[in-house]
Structures are given as structure tokens and as C-alpha cells.
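Inspection log for the structure reproduced underneath, given as C-alpha cells.
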Amino acid sequence: MPKLGLCAMHLDVLDLRNFYYRTQLGRVAQRAIRDQVTALWPDAKGQTVAGYGFAVPLLRPYLDNARRVIGLMPGPQGVMPWPAGGDNVSVLCEETAWPLDTGIVDRLVLLHGLEASENPSALLDECWRVLGPGGRALFIVPNRSGLWSRSDKTPFGFGRPYSMSQLDAQLRKQNFAAERQQSALFVPPSSRRFWLRTAAMWERFGLRVSSVVAGGVLMLEVSKHIHAPQRPGLAATVRRPLRVLDALPKPAAEPA
């Protein structure tokens, strides 16, 4: 897999497809992350579920019962038909102009999206726009202290890795409220048979001691934070209350 510079952090869609669907390590990564997504969101019946970046491997569990599933793939990455053997739900889009109505999405997943963005603030604005009232978004990014972000043999070695505090701070700045956090990919990014065969064991072990052992990816679930509306001028009135009696002329002396 070729190394990309910071000016072109998006991997090609063919490289991503080949990793997740045609390598044993990619299938291990797909299963480990998807299991945590479905643990957070076990059901999406009647909801609109969207994924941005290359999130389609995580959306398959929702194809049967969700009202609508949409795979958004950025232009610099490219797009591929998905799912194989079914009606295509993937679409090519601009990074900061998605072909979705405002507030239409109930569940939004980003994988290989935020860390690859050249304008993350504008991307997060678009995430906030499409998310509906009560909707949740799940951001999945490479862990800067994990092993996966240090190897360019997997897609997690590209783009900007994050710490959980960095990810949380950036999302709060864009008016998202943190709800739950999780890690995944505790198995080393190795194609050796021993690690691949014991991957499930390492995931179970890592989840029990995730505060000590760093996973390869960080997962932060957020909700859309909307400030309470204020009447115009109310804050100014409260900060500077009227002093009606102070405006009246004071008598020169006490009355007899």
C-alpha cells in the first residue's frame, strides 16, 4: 500500500477494498470494529444510517432493518458499488457538501474520514448539518499511541492519528456532545498466522483492560448539541438591569 503525503491523505478506494475484503488482516480489523459498532448500536430499525469515508464494511448489519442505508465516499478517495450482489447504496460526494437533506440522518459513522480530511472543521460542520434531532454520530480514528497508526501496511497508518482528548476537544468545538467512548483493534497489525488466529482473544482481553492497553483505533460516540434559544436582548437586559428609580430627581433636602 503506497505511502501518501499530508496533502493527499485519502487512500484510493481500491486499496481500501482490497485490504478489508481480500486480506485476512483486513477481515480481522473489519470484524473487530464492526462488533463494537453493533454493541453501541444494536438496532437501527426504521432509521436512516449513513457512513462517510470508507465506512461501508460497518454498515452491513443495518441493511435488513434500517429505513435507509447510505455510503458516502469522498471524491479524492473514489467510490465503488456496495453492497456486492445487492442494490447499490454508495455515492460519490464532495467532502463538505453531501447530497443529503439537513437533519435526515439518525446514525452516522465515519471511518477513514476525519483523519484523512484536509478541512476537518468544515467536514464536522457537514456532519452536524445532516444529523437529525436525537441522532448520534460515531467517529473512528487511528489511535496515535497504538501500533496500527505506526505502520503504513494498513489504512490506519495514513492521515492524522488522534488521542482521545484531542478527538473529544475537536468534536466539542464543533458543538458535539460526547456520549460514549471505546477502543478496538488490540491485536497487533501483523499478518502472521498466530496473531490472526488469536485475534478474537486479544479483542476480548483488550476490552477488559482498555484503560491500560491501547487499541489501534479510538471510537467516540457523540450527539448533536443545540444551544437553548434566547430572546433578543434578554441577556443584555439581565446583565444591565434598568434602574428606574435612579433616573428620578432626588430631593435637595429632607421634607419637614
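The values are calculated or read from the model by the stated rules, or taken from the named source; none is laboratory data. In this text, all values refer to a predicted model and were calculated from it rather than measured experimentally. Virtual Cβ from ideal backbone geometry, glycine too; neighbours counted across all protein chains shown.
Points worth noting:
- Here Pro57 meets each of (1) surrounded by fewer than 20 Cβ atoms within 10 Å (Cβ to Cβ); (2) in contact with a Phe, Trp or Tyr (Cβ under 7 Å, 6 or more places away or on another chain) with one exception, condition (1).
- Restricting Arg180, Arg150 to those that are over 21 Å from Pro74 (Cα atoms), of a type in the set (Lys, Arg) and touching a strand residue (DSSP E or B) at 6+ places or on another chain (Cβ under 8 Å) reduces the list to Arg180.
- Considered as a group, the residues in segment 186-198 that are out of contact with any Phe, Trp or Tyr (no Cβ under 9 Å at 6 or more places or on another chain) and part of a helix (DSSP H, G or I) include one that is nearest to Gly26 (Cα to Cα), and that residue is Leu196.
- Checked against the criteria, Tyr62 does not count as among the hydroxyl-bearing types (Ser, Thr, Tyr) and touching a residue at least 60 places away in the same chain (Cβ under 8 Å).
- Scanning segment 7-40 for residues that are under 24 Å from Glu118 (Cα atoms), in a helix (DSSP H, G or I) and of a type in the set (A, V, I, L, M, F, W, C) gives Cys7, Ala8, Val13, Leu14, Leu16, Phe19.
- For the criterion of being out of contact with any helix residue (DSSP H, G or I) (no Cβ under 6 Å at 6 or more places or on another chain), more than 18 Å from Val141 (Cβ to Cβ) and assigned to a loop (DSSP other than H, G, I, E, B), Gly103 passes.
- When residues of segment 114-142 are limited to those that are more than 9 Å from the chain's Cα centre (by Cα) and more than 18 Å from Asn175 (Cα to Cα), the one surrounded by the fewest Cβ atoms within 10 Å (Cβ to Cβ): Glu118
- Pair list, Cβ under 6 Å, 6 or more apart: segment 89-107 residue under 18 Å from Ser121 (Cα atoms), other residue surrounded by 12 or more Cβ atoms within 10 Å (Cβ to Cβ) and of a type in the set (D, E, K, R): Thr96/Glu126; Trp98/Glu126; Thr102/Arg129
- Scanning segment 199-236 for residues that are in a helix (DSSP H, G or I) and either at pLDDT 70 or above or under 21 Å from Arg129 (Cα atoms) (or both) turns up Ala199, Ala200, Met201, Trp202, Glu203, Arg204, Phe205, Gly206, Leu207, Arg208.
- No other residue among Thr96, Thr102 is polar (S, T, N, Q), within 19 Å of the chain's Cα centre (by Cα) and surrounded by 15 or more Cβ atoms within 10 Å (Cβ to Cβ) apart from Thr96.
- Checking Val141 against (1) among the hydrophobic types (A, V, I, L, M, F, W, C); (2) over 14 Å from Leu72 (Cα atoms); (3) in a helix (DSSP H, G or I), the condition it does not meet: (3)
- Residue-level analysis places Leu111 outside the set of residues that are over 25 Å from Ala39 (Cα atoms) and either surrounded by 16 or more Cβ atoms within 10 Å (Cβ to Cβ) or among the aromatic types (Phe, Trp, Tyr) (or both).
- You will find that of Gly26, Gly51, the residue that is under 15 Å from Leu111 (Cα atoms), in contact (Cβ under 8 Å) with a residue 12 or more places away in the chain and either of a type in the set (A, V, I, L, M, F, W, C) or in contact with a Ser or Thr (Cβ under 8 Å, 6 or more places away or on another chain) (or both) is Gly26 and no other.
- Of all the listed residues (Val141, Val130, Val69), the sole one being farther than 22 Å from Arg17 by Cα and either among the aliphatic types (A, V, I, L, M) or touching an Asp or Glu at 6+ places or on another chain (Cβ under 6 Å) (or both) is Val130.
- Unmet requirement for Leu124, which otherwise passes all of (1) in a loop (DSSP other than H, G, I, E, B); (2) more than 23 Å from Asp15 (Cβ to Cβ); (3) not charged (D, E, K, R): (1)
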